[in-house]
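Colleague: After the C-alpha cells below, expect a handful of questions from me.
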Amino acid sequence: MFLAAIFLILAVVLTPKAATNFPFFLQIVIYGIADGAIFALIALGYTMVYGIIELINFAHGDIFTLGAFMSMPLISAFGLSEGQSSGVVVWLLLLVITVIVMVINGGVNVLIERVAYRPLRHAPRLAPLITAVGVSFILEGIMYVWRGASNVHYPDLLPDTRIPLIGSASLGVKDIIVIVTAIVLVVLLTIFIGGTRLGKAMRATAQDREAAQLMGIDINRTISATFFIGAVLAGAGGVIFGLYFNSVRFDLGFEAGLFAFTAAVFGGIGNLQGAALGGLFIGLVQAFATANFLPGGAAVSDIWVFMILIIVLVFRPTGLLGMQVPEK
Amino acid sequence: MALLEVETVDTYYGRVQALRGVSLTIDDGEIVTLIGSNGAGKTTTLRTISGLAHPARGHVRLRGLDIGGLAPDRVVMRGIGHAPEGRRVFARMSVRDNLFLGAYVRKDAAGIRSDEERVFGFFPRLRERRNQIAGTLSGGEQQMLAIGRALMSRPKLLLLDEPSLGLAPILVDTIFQVIKEINSQGTTILLIEQNAAKALQVANRGYVLETGRIVQEGSAKALLESPDVQRAYLGI
Ligand SMILES: Nc1ncnc2c1ncn2[C@@H]1O[C@H](COP(=O)(O)OP(=O)(O)O)[C@@H](O)[C@H]1O
Ligand SMILES: [Mg+2]
C-alpha cells in the first residue's frame, strides 16, 4: 500500500520531467542505475550480516572504501597507469586486481568479526552495535592516516567511450561495466546461497541458529563465511566505484554505507533480492534528486533518501520484499 | 558399556538452576522416556546432552567419552540426533533442503539419498510435499519433518522432545508407530513426552523428573504401575 503510494508520488513528479526532455531523463536513469548497482553491492553485505547475527554492521560502508583504497597500490604494482591504451591485458589485470581485493577484503572482514563481534555474541545487542561504530572509526582512521583527509585521485583506466542512444543520451562503457559487474556478482551470490552446501548452511544459520547447530553446522564458520562474502561484494563495489568516479576519500563509506543500509531496509532487511532492488531504487532516487527532478533539488538529495528510510521503517518495517520474521 | 551416561549433571540458565544432579543411562537399542510436568527440566536435559547447554557440574558420556563441553555440531558428528522442542524446521526452506541439512555431517551422497527415501517411507506426506516450503506445512507435517531431519544424520541416539505436542490424535498414533519402527531398525531413542501413558507404552524404561531432579526410575511397566506415577502423570 504505502509502497504503491511512494511509487505513485515518484511517477507523478517524474512524468512531466521525462516528457519535457526525455534524453536527459534517460541519462539520469542510467546514472541512477550505475550508482544503484554499487549501493546494491554494499547493501547485500548489510543484509546478509543482519540476517545471520542481527547486527547492523555500521563498519560495512568502510569495508567498501577499504576495497577501493587497497586496489590503488595494486594498480601501481601491476604497472597500470592512466593514458595506456586499454587492451585485453588491462582488462585482465583489472579483473585480477579486483579478485585480489575481494579476497583480502573478505579476509579483513572475517578478522574483524573474529576479534570485535564474536566475543560479544551473547552480549546485549547494543554492545556489538556500538562496537561496529567503533570499528568504522578505526577503519576510517587507518585510511585517513594512509591517504589523508582530502579526495584521492583514482586512476582512470576504463575507456570513456560512450554509445549514443536517443538525442543527447548515451551509455558509457563505464556504466556498462559497473552494471554488468553487479549483475554477475548478484547472480553468482544467488547461485551460491541457493545451491551450495555452505550457502544452505548459511541460510539455515540465519533462520534458526540453534537448529542449524543441531544439524552439525559449525555456526562460527557460516558466520565467518557471511562476513567474507559481504566484504567480497563490498570490495568489488569499492573497486568499480573508483574506476567509475575516479575519486575516493577515507570517509566515503560513511554516506555510501548509510545509503546502502537504507537500500537494505527498503528491500526488507535479511532479503538478498530486496537489497539488490533497494540499491537500484536508492541509486535512482538519488540521481533524480541530484538532477533537480524532485522538489528541493540537488541540495536536499540526501534528505529524500533518508525520508524514504523513515517512511519504510514507520509504515512497512519488513520492507519491499521482507518476509514476516517471527519475533524471537 | 552404556551408550549414554548422564552423571550428576547440574545445568543453569544464567543463575537459574534447571538441573540438579541428574543421572541417567541409556543402553544400546532401548527406548527410554523422560516424563515430568512443565518446567521439570526435560528439555534442558536434552539440550545438555546435545550440547546446546553445557553442564556446570557432572558429565555427559557417549560410550565412555565425555561430550559435556562439546559444541552441538561436534555432538551430532559423534552420533546424537536431536529433534528439538517446537520442531524448529527451517521455515523458509523446502522439505528436501531441510532433510539435506539434516545430513550435513555426512558425505556419502548415495547413503543420503537412500536415507531420504527411508524418511519418505516413514512419512509419505513428506514425499508428496518434498518441494514445499517447510513453513507452509501443517504442524503435524512439520513434526514429521523435524523427526526425519534428525534421522538424516544416521544417529546412534535420537533425542525426541515432545514429538506429539499439539497433534491430532490420529497423527499422534502415527508418530508413535514410527518411533517404534525407527527403534526396531536399530536407533536408540530418548523420548520426552507430556503424554506419559503413551510414552511408557512404547518405552523400555523411564525416568521421572521433578523440578530438575530425577525422583523415580524403572522399567516402563513398573512406572505404569507405580501409584505415584499414576497419580501425578497418568491421571488415574
Ligand atoms: N532460556 C531459559 N532461561 C531461563 N530459564 C529457563 C530457560 N529455559 C528453561 N528455563 C527454566 O528451566 C526449567 C526447566 O525448563 P525445561 O527444561 O524447559 O522444562 P520442561 O522441558 O520439562 O518443561 C524451568 O524452570 C524453566 O523455567
Ligand atoms: Mg520442554
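The values are calculated or read from the model by the stated rules, or taken from the named source; none is laboratory data. These numbers were taken from a predicted model, which means no experiment stands behind them. Because the Cβ atoms are built from the backbone with ideal geometry, glycine has one as well, and the counts that use them run over all protein chains shown.
Colleague: I'd like to check which helices (runs of 4 or more DSSP H) are fully inside the stretch A:194-273 and have at least 1 residues that are within 13 Å of chain B (Cβ to nearest Cβ). Talk me through it step by step, then tell me what you get.
Modeller: Values: elements: A:197-207, A:209-214, A:219-245, A:252-267.
By residue number, A:197-207, A:209-214, A:219-245.
Colleague: What about B:L209, is it in contact (Cβ under 8 Å) with a residue 12 or more places away in the chain and either within 16 Å of ligand 1 (Cβ to nearest atom) or within 14 Å of another protein chain (Cβ to nearest Cβ) (or both)?
Modeller: yes
Colleague: While we're looking at this one, here's another question. Among the numbered conditions (1) more than 16 Å from ligand 1 (Cβ to nearest atom); (2) at the interface with another protein chain (Cβ under 8 Å from one of its Cβ atoms); (3) part of a loop (DSSP other than H, G, I, E, B), tell me where B:L70 comes up short.
Modeller: Here B:L70 meets the rest and fails (2).
Colleague: When you go through B:T25, B:T11 one by one, which is the residue that is closer than 26 Å to A:I217 by Cα, of a type in the set (S, T, Y) and not in a loop (DSSP other than H, G, I, E, B)?
Modeller: Only one candidate qualifies: B:T11.
Colleague: Checking A:V305 against (1) touching a helix residue (DSSP H, G or I) at 6+ places or on another chain (Cβ under 6 Å); (2) at pLDDT 90 or above, which test does it fail?
Modeller: (2)
Colleague: State which residue is farthest from ligand 2 (Cβ to nearest atom) when the search covers only the stretch B:16-31 and only residues that are surrounded by fewer than 24 Cβ atoms within 10 Å (Cβ to Cβ) and β-branched (V, I, T). Explain how you work it out, then say what you get.
Modeller: Just the residues of the stretch B:16-31 that are surrounded by fewer than 24 Cβ atoms within 10 Å (Cβ to Cβ), to begin with: B:16-18, B:20-21, B:23-30.
Then keep just the ones that are β-branched (V, I, T); that gives B:16, B:25-26.
On the way: B:V16: 15, B:T25: 21, B:I26: 18 Å.
My answer is B:T25.
Colleague: Here is a further query. Got a sec? Which of B:G79, B:G36 is within 16 Å of ligand 2 (Cβ to nearest atom), within 17 Å of the chain's Cα centre (by Cα) and either acidic (D, E) or under 25 Å from B:A203 (Cα atoms) (or both)?
Modeller: Within the list B:G79, B:G36, the selection yields B:G36.
Colleague: Then there's this: List the number of the failed condition for B:N195; all other conditions in (1) within 16 Å of ligand 1 (Cβ to nearest atom); (2) under 26 Å from B:E5 (Cβ atoms); (3) away from chain A (no Cβ under 14 Å); (4) not small (G, A, S) hold.
Modeller: (2)
Colleague: Still on this structure, I have one more. From the residues in the stretch B:116-134 that are surrounded by 13 or more Cβ atoms within 10 Å (Cβ to Cβ) and within 14 Å of chain A (Cβ to nearest Cβ), which one is farthest from B:D173 (Cα to Cα)?
Modeller: Across the stretch B:116-134, the extreme among qualifying residues is B:I133.
Colleague: Related question: Assess whether B:V89 counts as being more than 16 Å from ligand 2 (Cβ to nearest atom) and either over 15 Å from the mean Cα position of the chain (by Cα) or within 14 Å of chain A (Cβ to nearest Cβ) (or both).
Modeller: Against the criterion (more than 16 Å from ligand 2 (Cβ to nearest atom) and either over 15 Å from the mean Cα position of the chain (by Cα) or within 14 Å of chain A (Cβ to nearest Cβ) (or both)), B:V89 qualifies.
Colleague: Here's a follow-up. Do we have any residue at all in the stretch B:46-64 that's surrounded by fewer than 24 Cβ atoms within 10 Å (Cβ to Cβ), within 16 Å of ligand 2 (Cβ to nearest atom) and either basic (K, R) or free of Cβ contacts under 8 Å to residues at least 60 places away in the same chain (or both)?
Modeller: Yes: one or more hits.
Colleague: Which residues, taken from the stretch B:14-37, are touching a residue at least 24 places away in the same chain (Cβ under 8 Å) and either within 12 Å of ligand 1 (Cβ to nearest atom) or within 14 Å of chain A (Cβ to nearest Cβ) (or both)? Walk me through it before giving the result.
Modeller: Restricting attention to the stretch B:14-37, the residues satisfying the condition of being touching a residue at least 24 places away in the same chain (Cβ under 8 Å) are B:17-24, B:26-37.
Selection gives B:Q17, B:A18, B:L19, B:R20, B:V22, B:L34, B:I35, B:G36, B:S37.
Colleague: Here's a follow-up. For the stretch B:74-81, state whether one or more residues are surrounded by fewer than 17 Cβ atoms within 10 Å (Cβ to Cβ), within 14 Å of ligand 1 (Cβ to nearest atom) and not in a strand (DSSP E or B).
Modeller: no
Colleague: A further question on this structure: Scan the stretch B:93-112 and tell me whether some residue there is of a type outside the set (S, T, Y), more than 14 Å from chain A (Cβ to nearest Cβ) and part of a helix (DSSP H, G or I).
Modeller: yes
Colleague: For residues that are more than 14 Å from chain A (Cβ to nearest Cβ) and not β-branched (V, I, T), tally how many sit in the stretch B:50-67.
Modeller: Number satisfying all stated conditions: 11.
Colleague: Among the strands (runs of 3 or more DSSP E) lying completely within the stretch B:141-236, list those that include at least 3 residues that are surrounded by fewer than 19 Cβ atoms within 10 Å (Cβ to Cβ) and more than 16 Å from ligand 2 (Cβ to nearest atom). If you could, list the steps in order and put the result at the bottom.
Modeller: On the way: elements: B:157-161, B:188-193, B:205-210, B:213-219.
Where strands (runs of 3 or more DSSP E) fall fully within the stretch B:141-236 and carry at least 3 residues being surrounded by fewer than 19 Cβ atoms within 10 Å (Cβ to Cβ) and more than 16 Å from ligand 2 (Cβ to nearest atom), they are B:213-219.
Conditions (1) in contact with a Gly (Cβ under 8 Å, 6 or more places away or on another chain); (2) modelled with pLDDT of 95 or more; (3) among the hydroxyl-bearing types (S, T, Y), marked per residue:
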| site | (1), (2), (3) |
| --- | --- |
| B:R113 | no, yes, no |
| B:E128 | no, yes, no |
| B:N131 | no, yes, no |
| B:G139 | yes, no, no |
| B:R149 | yes, yes, no |
| B:M152 | yes, yes, no |
| B:L159 | yes, yes, no |
| B:S164 | no, no, yes |
| B:S184 | no, yes, yes |
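Colleague: Could you please tell me which pairs satisfy a Cβ distance under 6 Å, a separation of 6+ or placement on different chains, a first residue in the stretch A:121-147 that is hydrophobic (A, V, I, L, M, F, W, C), and a second residue that is exposed (fewer than 14 other Cβ atoms within 10 Å of the Cβ) and in a helix (DSSP H, G or I)?
Modeller: Note: no pairs meet the criteria.
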